[in-house]
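Structure first, then comments.
The values are calculated or read from the model by the stated rules, or taken from the named source; none is laboratory data. Being a predicted model, the structure only gives us computed values, none of them experimental. All Cβ positions, glycine included, derive from the backbone under ideal geometry; neighbour counts span all protein chains shown. When the accessible area is computed, the model is the full protein with side chains, heavy atoms only, and any ligands, DNA or RNA have been set aside. Shrake-Rupley method; radii C 1.70, N 1.55, O 1.52, S 1.80 Å.
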Amino acid sequence: MIRVIAFDLDDTLWAVKPVIINAEKRLNDWLKQEIPQLNYDVSSMRELRHELLEEDPNLGNRITEFRRRLIERAMLLSQVDQATELSHQAMDVFLIARNEVEFFEGAIETISMLANQFILGALSNGNADIRRLGLDGYFSFAFSAEEVGAPKPANDLFRRALAHTRTKPGQMIYVGDNPVLDIDAAIRAGLHTVWVQHPGQENTGETRADEEINDIRQLPEAINRMSARFNADHIGE
Ligand SMILES: [Mg+2]
């Protein structure tokens, strides 16, 4: 019996690339406007990633804090006063734009329909925020890799969702676009899976999802097929 549907966010419910390009542009514009003495822009400050990571290897698992620290370091190297405070302001600019996404067609309708029947939630390696996205009315949980300590394919996010919903792995479906980070990882954690395959995308993983769809609007039907199979498997137990 399926109780919980958990979703990957980026590239599962919207295309992430244009969102990041736009968020970095908005951040760049803000930096140029507010801190003209800054000697870096978003792309040149990437050169500082390596040294920051060497100082604090944990930043690799904390993408929001990593980006903030990068901005802060660029400011410090440019002799900007109040670098910490300003780096937080800069991150707010980025994160607001990071949550201005264009959902795939039918995504919200599909989520809203499934919310009547299942507990829904989000498990993401990224820094989208379900409240800013307007998904908090449908989702009863959302955990990020940064909160739980390790990104997928580690099983920390799945374990957190199972504990939070008091659900057994066999009662949860994970829906994601990445064959390795989403599907292989969720299957290892004992979950059922639906792969949202993009046009031309190859299965680079080691496993096969229970169901494959190429449009998020096909998800309710895929879940129905899975439920029917599970129920048939358990008759007589
Ligand atoms: Mg994804």
Within segment 166-182, of all residues that are touching an Asp or Glu at 6+ places or on another chain (Cβ under 9 Å) and of a type in the set (A, V, I, L, M, F, W, C), the one farthest from the ligand (Cβ to nearest atom) is Ile173
So if I check each of Ile20, Ile35, Ile2, Ile71, which one is within 16 Å of the ligand (Cβ to nearest atom) and surrounded by 13 or more Cβ atoms within 10 Å (Cβ to Cβ)? Ile20
With open to solvent by less than 60 Å² (accessible area, probe 1.4 Å) and over 15 Å from the mean Cα position of the chain (by Cα) as the only criterion, which of Phe7, Phe66 stands out? Phe66
I'm checking my understanding of the structure. Among residues of segment 86-109 that are surrounded by 20 or more Cβ atoms within 10 Å (Cβ to Cβ) and over 18 Å from the mean Cα position of the chain (by Cα), which one is farthest from the ligand (Cβ to nearest atom)? Ser87
Just the residues that are assigned to a strand (DSSP E or B) and not β-branched (Val, Ile, Thr), please, taken from segment 85-126. Phe103, Leu120, Gly121, Ala122, Leu123, Ser124
Is it the case, given these coordinates, that Gln201 is in a helix (DSSP H, G or I) and of a type in the set (S, T, N, Q)? no
With the first residue restricted to segment 159-179 and required to be among the hydroxyl-bearing types (Ser, Thr, Tyr), and the second required to be open to solvent by 40 Å² or more (accessible area, probe 1.4 Å), Cβ contacts under 9 Å at 6 or more apart or on different chains are Thr165/Arg3; Thr165/Ile119; Thr165/Ser140; Thr165/Gln171; Thr167/Arg3; Thr167/Ile119; Tyr174/Ile187
What residue, of Gly121, Gly137, is open to solvent by 10 Å² or more (accessible area, probe 1.4 Å) and modelled with pLDDT of 95 or more? Gly137
